[in-house]
Structures are given as C-alpha cells and as structure tokens.
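Undergrad: Questions regarding the structure given below will be posed in turn.
Please treat every number below as a calculation from the coordinates, not as lab data. Small disclaimer: the values here were computed from a predicted structure and weren't measured. Glycine gets a Cβ as well: all are built from the backbone with ideal geometry, and neighbour counts include every protein chain shown.
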Amino acid sequence: MKKALLISLMVILALLVLLPFLWTFSTSLKPLNEVNKYPPEWTSVNMSLKPYSDMFFYLPFSTYTLNSLIVAFSSTILTLLIGSLAAFAFSRFQFAGKNVFLLIFLLSQMLPGASVIIPLFQLLQKVGLYDTHLGLILVHTAFLLPFVIWLLYGFFLAIPRDVEDAALIDGCSRMQALRKVILPLALPGMGATALFAFLGSWNEFFFALLLTSSDSTKTIPVGIGLFVGEYLDVWNQMAAAAVLFSLPPLILFLFTRKTFVKGLVAGAYR
Amino acid sequence: MKKSLPYLLLVPALLFTVFVLVYPLVQNLINSVCDVSMIRGSNGWVGLHNYERIFNDTLFWHSFRNTAIYAIVGTLLALLVGLGFALLLNMKLGRISSIASFLYTIPWVISPVVAGFAWKWILNDRFGIVNYWLASAGIVKLGTSWLGDPGTALFCVMLARIWQFYPFAMVMFLAGLQTIPQEQYEAAAVDGATMVRRFFYITLPNLKSVSSVLLVLGVIWSFNDFNMVFVMTRGGPMNSSMVLPVLVRELSFVHFDLGRGSALSIVIFVLLVSLSYLYLKLIGGRESA
C-alpha cells in the first residue's frame, strides 16, 4: 500500500517535471493551425514529422547543425589533448608551484562569462577570428579546459604507479609511458570526459551568441535562442529544432549515467 | 630536461587560461577607465567615470537586486526541491527509483536554451498549456501574460531556473544520504525516535556540509546565469527581470558602450571572487575537518 502510494507520487512528479518537454514534443508534431488553437490538445490526428523537415527547409537549421557539430567535435578533441598533458603533469610529477597552478585552474572554472566577454570579443575582432568556427572553438576549449583537467587528473591518479614504473624500467621514456601505458588505461575515463566536453560545447549559448553574427557560423542554441521572439509564428518548427537538438545530450546521458553522476559529485568538491 | 618536463606539459593549458582569464581581466580594467565605444571608437582615459555612471544608474541597482533574488531565493528553493526528491529516491524502490532518478535529472542535462524555450512555450499567454489549465480551473482569466507582466516575469524565470537546477542538488543530496551510517538510524529506532525526529537529528546534520557547498555553488552559478533570463524575457518587460549578466550584453552589444560594459564586468568579477573565496573556504574546511 505504502509502496503503491510512493510509486504514484513518483509518476506524478515525473510528469510534472517533464511537462515542458512533453508539451514541446507534442507541439513539434502538430501542423501550425493546431499549434495556434484554443483549447490546446495534447494529440491530434494530423500529427506528423513535417515540422522536422520544414525546419531544415525554411529555417537555416541544417547549417546550424553542421556548425554545432564542427565546433563541439573540435573543442572536444583540442580540450582532451591539452587537458591530458596538464593532468599528466599534475598526477605524475612533484614540482614547485603545483598547488598554485591547480588553484589557477580551479579559479578559472568559476569565472563568469559576462566578465570576460568584451575583451574576448575585441581580441577575436582584432585577429580576424570573430564570427569564425576557429574563434568559437578556441573560446570553448579555454572554458572547458579547467573542468576537463580536474576530471582527467582524478582518472590518472587512480591508475597505479607500479604499472608505469614497470614501463619505465623496461626503458620507456616518460612521454612513452603516458602514451603507451597511462592513456590506454585511462581510456574509459577519457571517454566520459570527452562526453562532458562535447556536451559543454554543444549546449553552450553565451559565447556562441556574442562571438558569431552570420548564419554560416551560428550554432543551434543561438538559432533557437534568437528565433524565440522573432519567428513566433512557427512554434512547431522551433519545437522540432529544440527536440532534435536535445537528442544527443539525452542519448549520451542515458548511456553514461553512472559516470555522469560521479563526475557531477566529484566536480563540485574539487 | 627532466625538471622542466611538467612545466612544458602545462604550457598549452596555461596559454589558454591566460587567454580567457588574465588577458580579459587586464583588458577589462583598461577598458573600464576609458571611453570605448563600438561606434565612436576609443577616446582615451576617463578615470572612474564609467563606474560612477554605473553606480548612479537605478537600472544597475534594480538588476543587482533582481540578480540577488534570482540567485539566493532561487537556489534555496531549488535545494529544498532537490532534498525532497532525494529523500523520495532514497526510499530504495529498486528499478523504479533508478528510472525515476533518470527522468528527474533530465532538466539538468538538456541545454538551457531548450529549457528556456520550453518554459516560454508552456507559459504562452494564448496557446500555453499552463494558462489553459489555470483558466479552466477558474484561477486566472485567459490571456494572462506571465512573462509579459513586469510583476511576474522575474518570478517565472526563477521558477524555470529552479526546475533546471534542482536535479544537481538532488544528485548531491542523494550521494550524501547514502553515506549516512545506517547504525545511527538503527540506534535511534531502538531509542524509539519518531521518523520526524530521526530526520531532524540524524539526516539533516549529516547533510550540512553538502548543503553549504550546494548553496554557494548554486548562488555562484545562478548569479552568472545569462541563458534562462535572455531566452525567456531578455530582461524585460521594461527591464523588470533584468539581471547583471544580461545587462553587460545590453550595455556592450546593444548600446555599444564597451567602456561601461567593462566596468560592469569588473563589478561582477569582484562580487564573484568574493563568493568563490567563500566556496574555497567551505571545501577547504571540509577537507581539514
């Protein structure tokens, strides 16, 4: 009895929590005349996937999708490359100033985007990287780095020193040990970190909004964020874009929940 | 060579940190004491004029108040909601709890832009499902514009923000709940303590450190939050839901006054550093305890 009560409470709460998404999903399948109808209805016989194809046809979402993929993939790779070098240094060496460097990375993670955006905007304009993929990739990389370093640092620390020492005795150099011993062992952790980085860049809105201006560089969140208000009349296509854009994070989350939650908890304490 | 290797490994990461941390701060300081405009160009030193204009501007104080309410009240409520959900999930109903915790975490995983869009759409004055339900129940009259009314706009954005942030608190509280030694509850049960007493004397004290970390992190993140406000209201109507990060964009990229925008950035930075200091104290204290 008590269990049944708890379960019904859980179901009701789940529906309540997911209400905005459920309503958006329902909207994304409706023809326009039923979107703007009162009283609103959850389902209709005229539901179809047409808004999904319309959105690529009438709104520039195919370009936006390509831009988002380019920026998120490049930022992820760049962040992981640079981050694993730094994490290797932190986890395997004792050196003067180590704690200061760790603190610098921790602090840069706290930095509000609003307090650096103007100089970054000026700098990118000066060097001709404003409104380019590369400019946005560099900024995303810089902002993802601290968190990625913290995560990788933790994963690297968990790899036993003995394995690496054995490799060194066998005549590997330190860098060879990183490449041939640590990286393969850290692969699951690297994978999880890559997902964080990818989602961080994929979902990022503030810099993408203010450091791009033309359709050929805008990412999907910028498209959605700007169109709300401008194209009020095509709520169904906007909803379709929102649903499609949410799929990668949702799928990744579904398959990496355990690591995701662990990373969340660890990230907050470090 | 051996000694310099760790430093060499850090160089790329440090270059990026300089690029987003050191350079912008220095440049912001320079901007903030100059007249820099995207239209009129750079016109040199003006002293503290930009700061003076900000502190004499009622819009700044209004936004500051909004940001504080949004960050503090929003975070406190999100923590309460998160704690409730965590307690529910901690009832250990096996697979059902696991599915529920997945569903309850979704708002945190989804892009804030999509979240803002979805909330804006369910709150739509004419075709939103919320207004339809409330009007059908006779609570409000149809066409009530929640986001178009200066009296309710900030409140609505805060509601969406709470909805977006509570899963983080939930996950952290759940992790905290699972570290409470079961013996404490057993001992209390033997002593005949009621469930309510057990909650207040065992559960809550054990969650103290998690709560304080969550509170500070939540306030910092919400203080910085640009996305939800921008997507849902852009700070309007009539600046009623304006917050500091959105105001920076307004000054710099709508009024093209980079000098004043930079001065506001510095003010935000100083506020944030104070909050971060508090956070470092908290996690530092936790480790030594």
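Undergrad: Per residue of B:216-225, count partner chain C-beta atoms within 10 Å of its C-beta, then hand back the mean as an integer.
TA: Working: counts 0, 4, 0, 0, 2, 2, 0, 2, 7, 4.
Across B:216-225, the average partner-chain Cβ count within 10 Å equals 2.
Undergrad: Determine the dipole magnitude for segment A:60-230: charges of +1 sit on the beta-carbon of Lys and Arg, -1 on that of Asp and Glu, nothing else is charged, the reference point is the Cα centre, and the result goes in debye to the nearest 20.
TA: Values: 8 positive and 8 negative charges, 72 e Å.
Dipole of segment A:60-230, to the nearest 20 debye: 340 debye.
Undergrad: While we're on this one: Which cross-chain or sequence-distant (5 or more) residues have an amide H under 5 Å from the amide H of B:Arg234, H modelled 1.01 Å from N in plane?
TA: none
Undergrad: Place a +1 charge on the Cβ of each Lys and Arg in segment A:26-119 and a -1 charge on the Cβ of each Asp and Glu, then give the dipole magnitude about the Cα centre in debye, rounded to the nearest 20.
TA: Numbers: 5 positive and 3 negative charges, 62 e Å.
Once rounded to the nearest 20, the dipole reads 300 debye.
Undergrad: Still on this structure, I have one more. Semi-axes of the equivalent ellipsoid for segment B:100-181, please: Cα gyration tensor eigenvalues, times 5, square-rooted, ordered largest first, whole Å.
TA: Working: eigenvalues 192, 36, 28 Å².
Each semi-axis is √(5λ); the values are 31, 13, 12 Å.
Undergrad: Sticking with this structure for a sec: Classify segment B:58-288 as rounded, prolate or oblate from the Cα gyration tensor: take a ≥ b ≥ c as the square roots of its eigenvalues, call it rounded if a/c is under 1.5, otherwise prolate when a/b beats b/c and oblate if not.
TA: Details: a/c = 2.59, a/b = 1.42, b/c = 1.83.
Since a/c reaches 1.5 but b/c is at least a/b, the shape of segment B:58-288 is classed as oblate.
Undergrad: Using only the Cα atoms of segment A:82-225, construct the convex hull and provide its projected area averaged over every direction, in square nanometres to one decimal. Walk me through the numbers before you get to the answer.
TA: On the way: hull surface 41.1 nm².
About 10.3 nm², averaged over all directions.
Undergrad: Can you list residues from other chains, or at least 5 along the same chain, whose modelled amide H is less than 5 Å from the amide H of B:Ser42?
TA: Answer set, sorted by chain and number: B:Ser37.
Undergrad: Can you tell me the mean projection area, over all orientations, of the convex hull of the protein assembly as shown's alpha carbons? Units nm², please. Intermediate results must be reported in sequence, preceding the final value.
TA: Numbers: hull surface 120.2 nm².
Mean orientational projected area (the protein assembly as shown, Cα hull): 30.1 nm².
Undergrad: Say the dipole of the protein assembly as shown comes from +1 at the beta carbon of Lys and Arg and -1 at that of Asp and Glu; which of B:Ile110, B:Leu247, A:Leu106 then lies farthest toward its positive end?
TA: A:Leu106
Undergrad: Amide H of B:Cys34: which non-local residues (sequence gap of 5 or more, or other chain) have their own amide H closer than 5 Å, using H built in the peptide plane?
TA: Here the answer is B:Val46, since their amide H atoms fall under 5 Å of that of B:Cys34.
Undergrad: Say the dipole of chain A comes from +1 at the beta carbon of Lys and Arg and -1 at that of Asp and Glu; which of A:Leu152, A:Ala167, A:Val222 then lies farthest toward its positive end?
TA: Checking the options against the dipole of chain A, the answer is A:Ala167.
Undergrad: Moving to a separate point now. Put +1 on the Cβ of each Lys and Arg and -1 on the Cβ of each Asp and Glu in segment B:58-288; which of B:Gly261, B:Val130, B:Asn227 then has its Cα farthest toward the positive end of the dipole?
TA: Of the options given, the answer is B:Val130.
Undergrad: Using Cα atoms only, what is the angle between the long axis of helix A:257-269 and the major principal axis of chain A, expressed in degrees (0 to 90) to the nearest 10?
TA: 60 degrees
Undergrad: Residue by residue through segment A:160-172, which ³J(HN,Hα) values in whole Hz follow from phi under the Karplus form 6.51 cos²θ - 1.76 cosθ + 1.60 (θ = phi - 60°), with glycine and proline marked x?
TA: Using θ = phi - 60°, the values come out as x, 4, 3, 4, 5, 4, 4, 5, 5, 5, 6, x, 6 Hz.
Undergrad: Inside 10 Å of the C-beta atoms of A:83-90, what's the mean count of C-beta atoms belonging to other chains? List each step's numbers first, then the result.
TA: Details: counts 3, 2, 7, 9, 2, 4, 8, 4.
Per residue, the number of nearby Cβ atoms from other chains is 5 on average.
Undergrad: Then there is this: What are the principal axis extents of the Cα atoms in segment A:188-258, in Å, biggest first?
TA: Principal axes ranked by extent give 44, 27, 17 Å for the Cα atoms.
Undergrad: For A:Asp162 and B:Lys208, FRET efficiency with R0 = 45 Å and r from the beta-carbon atoms, rounded to 0.05?
TA: Working: r = 39 Å, r/R0 = 0.86.
For B:Lys208 and A:Asp162, the calculated efficiency is 0.70.
Undergrad: Another question, if that's okay. What is the spread of the Cα atoms of chain A along each of their three principal axes, largest first, in whole Å?
TA: The Cα atoms of chain A stretch 74, 65, 32 Å along their principal axes.
Undergrad: Length gain on complete extension for the stretch B:Asn43 to B:Val140, per 0.36 nm per residue less the alpha carbon to alpha carbon distance? Write down the numbers at each step before the final one.
TA: On the way: separation 97, 0.36 × 97 = 34.92 nm, distance 5.34 nm.
Length gained between B:Asn43 and B:Val140: 29.6 nm.
Undergrad: Another question about this same structure. Once phi is turned into ³J(HN,Hα) by the Karplus curve 6.51 cos²θ - 1.76 cosθ + 1.60 with θ = phi - 60°, what whole-Hz value does each residue of segment B:213-223 show in order, with x for glycine and proline?
TA: After applying 6.51 cos²θ - 1.76 cosθ + 1.60, I find 4, 4, 4, 5, 4, x, 5, 4, 5, 6, 4 Hz.
Undergrad: How large is ³J(HN,Hα) for each residue in segment B:37-53, as worked out from phi by the Karplus curve 6.51 cos²θ - 1.76 cosθ + 1.60 (θ = phi - 60°), to whole Hz, x for Gly and Pro?
TA: Result, ordered by residue: 10, 6, 9, 8, x, 9, 10, x, 4, 10, x, 8, 3, 4, 5, 4, 4 Hz.
Undergrad: Quick check on chain B: helices-only [θ] at 222 nm, where DSSP H runs of length 4 and up contribute -39,500 (n - 2.57) each and the sum goes over total residues. Nearest 500, please. Intermediate results must be reported in sequence, preceding the final value.
TA: On the way: 14 runs with 194 residues, N = 289.
Roughly -21500 deg cm²/dmol at 222 nm, from the helical runs in chain B.
Undergrad: Mind checking the angle between helix A:187-203 and chain A's longest principal axis? C-alpha axes, 0 to 90 degrees, to the nearest 10.
TA: 40 degrees
Undergrad: How far apart, in nanometres, would the label points at B:Leu103 and B:Gln182 be if each is projected 7 angstrom from Cα along the Cα-to-Cβ direction?
TA: So the two model labels end up 2.8 nm from each other.
Undergrad: Once you average over the residues of A:192-198, how many Cβ atoms of partner chains fall within 10 Å of each Cβ? Before the final figure, lay out each step's value.
TA: Working: counts 0, 0, 0, 0, 0, 0, 0.
Taking all residues of A:192-198 together, the mean is 0.
Undergrad: Could you please report the charge total around B:Leu142, scoring K, R as +1 and D, E as -1 over all other residues with beta-carbon less than 15 angstrom from its beta-carbon? Write out the running numbers ahead of the final one.
TA: Values: positive: A:Lys37, B:Arg126, B:Lys141; negative: B:Asp125, B:Asp149.
Every neighbour counted, the sum reads +1.
Undergrad: Tilt of helix A:98-110 relative to the longest C-alpha principal axis of chain A, in degrees (0 to 90, nearest 10)?
TA: 10 degrees
Undergrad: Oh, and also: Select from A:Met190, A:Met238, A:Met47 the residue whose mean-square fluctuation is largest in a Gaussian network model of chain A (Cα-Cα springs shorter than 10 Å).
TA: Among A:Met190, A:Met238, A:Met47, the largest GNM mean-square fluctuation belongs to A:Met47.
Undergrad: Of the listed peptides A:249-255, A:119-125, B:192-198, what is their order by residue-averaged count of other C-beta atoms within 10 Å, with the highest listed first?
TA: Working: A:249-255: 14.9, A:119-125: 20.3, B:192-198: 11.4.
Listed from highest to lowest mean packing, they are A:119-125, A:249-255, B:192-198.
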